[in-house]
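Below you'll find the structure, written out as structure tokens, and then a few comments.
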Amino acid sequence: MLVDDREDNLLSMETVLEPDGYRFVKATSGRQVLKYLLTDLDFALILMDVQMPNLNGFETASLIYERERLRHIPIIFITANNYGEENLFKGYRAGAVDYIYKPVNPDLLRAKVSVFVELYRKNQRLMAQEVKLVAINRKLEMEINERKASEEKVTELNKQLLENIARLEAANKDLDLFAFMASHDLQAPLRKVRMFSDRLLASTDNSFSKEGQLYLTRIQEVSKRMQDLINDILRFSKISVEKQNFEEVDLNGVVDEVLSEMEGLIREKDATVVVDRLPVLPASTVLMGPLFSNLISNSLKYCKKKGAPQIRIRYEEGPVLTAVNGRNEEIRYGRIFIEDNGIGFDQKYAEQIFDMFRRLHSSAEYEGTGIGLALCKKIVEMHKGFISALGRPGEGAVFIVSLPLSGAQRELVEKNDDISDLN
């Protein structure tokens with residue numbers, strides 16, 4: 001939707017964007033915008049002027065986001081005024097995702113619009129996949145309820161359950177693959193945004209004020225955060241899709257290599273990292289590096305503002321668990337502790353911190369995408385292990401990774417999981 005109280009500005013934006021094949025709805029006032037949004041029309045993006053009579057852009061955005069079903073629509077404000085920081089934050093609180101300043105740069109406008117339109121299209125496809133999965137689940141539940149009344153059909157029901165489980169697993173793999181492909185495809189428009197902003201900053205005609213250069217720098221910073229997020233999603237999806245090979249891995253060598261790669265950051269933080277002797281155990285060499293890299297990076301990131309970070313990585317032989325499903329085999333686990341003296345966290349969040357995109361602090365306080373610990377959990381679970389965390393605010397945190405100590409025991413866990421699925 002294009003929103004401006006001047007017809008010539010609407011025509012100008014439409015002329016710039018029309019070659020890309022978008023469909024437009026034009027509005028000349030905030031009231032007209034609200035009227036259109038009461039219909040069944042859905043919008044990938046709203047480009048809205050700030051200064052309009054009666055309802056300005058900020059007021060219109062606030063009214064839009066009062067309705068739950070409209071909160072997914074991103075709004076970019078277009079303005080000729082040079083707002084201060086307070087008014088900029090006011091716009092972001094009202095729901096804006098970005099600003100574009102007049103006179104509008106056509107290339108920058110096209111680049112930004114293409115990113116949000118592509119996100120909208122990918123989201124629509126993901127929602128369609130979700131609807132299919134819900135339909136499959138609903139069908140599965142109906143079949144289970146119908147066949148519980150008749151013991152004669154138990155055998156047939158088990159067969160159909162196995163088939164549905166296979167379809168669900170295939171659908172989940174398709175979703176992982178789709179997330180990988182979607183994140184990969186998003187990199188192209190994002191590269192354009194970064195490329196155009198780089199060109200504008202590198203221009204030698206000095207046509208930008210210091211404030212204009214500051215805004216371009218912020219565009220680059222936001223683009224970099226989005227690039228980091230896409231890269232993390234790609235790594236997470238790649239782990240889910242690709243089959244890993246397991247072999248005997250010396251964790252001492254893995255940690256040494258990770259610390260060598262992080263030497264610059266450790267020196268910058270004036271951190272001390274003490275590593276005790278670690279075991280050799282069956283694992284994926286490819287995945288152990290990211291596991292320790294994310295956990296150590298997490299300790300360095302959430303360090304206290306005063307005082308040097310202290311990290312210790314130690315090992316102890318863990319508990320012996322008896323196999324389930326009537327089997328008497330014992331499974332021995334090794335436990336690796338990553339301890340730090342950082343800011344810690346409230347123990348009530350100990351499970352939530354491993355969820356995708358879960359952050360206990362804003363990106364303004366600590367950088368990150370909220371995927372690192374979810375990636376660690378995924379890696380540990382692929383090794384048939386466990387990961388947990390202990391913490392207290394202001395007193396540091398401890399992450400505990402428990403892994404089977406032999407390949408035979410890991411395979412035994414896999415077999416028990418398979419038997420549980422069948423039951």
Label model pair Lys35, Ser260: point-to-point distance (7 angstrom along the Cα→beta-carbon line) in nm is 6.9
In order through region 340-356: 3J(HN,Hα) via Karplus (6.51 cos²θ - 1.76 cosθ + 1.60), integer Hz, x for Gly, Pro: 9, 10, x, 6, x, 6, 6, 4, 5, 9, 4, 8, 5, 5, 8, 7, 4
Integer Hz, Karplus 6.51/-1.76/1.60 couplings in order for region 304-310, x for Gly and Pro: 6, 5, 10, x, 7, x, 10
Can you list residues whose amide H is under 5 Å from Gly385's amide H, if they're 5+ apart or on another chain and H is modeled 1.01 Å from N? none
Separation in nanometres of the label points that stand 7 Å from Cα toward Cβ, at Glu381 and Arg125: 2.5
Efficiency by 1/(1 + (r/R0)^6): what FRET value for Ser406 and Glu143, r their Cβ-Cβ distance, R0 = 35 Å, to the nearest 0.05? 0.30
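Length gain on complete extension for the stretch Ser388 to Val104, per 0.36 nm per residue less the alpha carbon to alpha carbon distance? The partial results should precede the final answer.
On the way: separation 284, 0.36 × 284 = 102.24 nm, distance 5.03 nm.
Extending this stretch completely gives an extra 97.2 nm.
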In sequence order, calculated HN-Hα J values of region 117-131 (Karplus, 6.51, -1.76, 1.60; Hz; x Gly/Pro): 5, 5, 4, 4, 5, 5, 5, 4, 5, 5, 5, 5, 5, 4, 4
Checking the table Lys301/Lys377; Lys192/Lys377; Lys139/Lys159; Lys102/Lys192; Lys269/Lys348 against a 25 Å threshold on Cα-Cα, which pairs fail? Lys192/Lys377; Lys269/Lys348
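Values quoted throughout were computed directly from the atomic coordinates according to the rules given, and no laboratory measurement underlies them. Bear in mind that the values here come from a model prediction, so they are computed numbers and not experimental data. Every residue, glycine among them, receives a Cβ derived from its backbone with ideal geometry; neighbour counts consider all protein chains shown.
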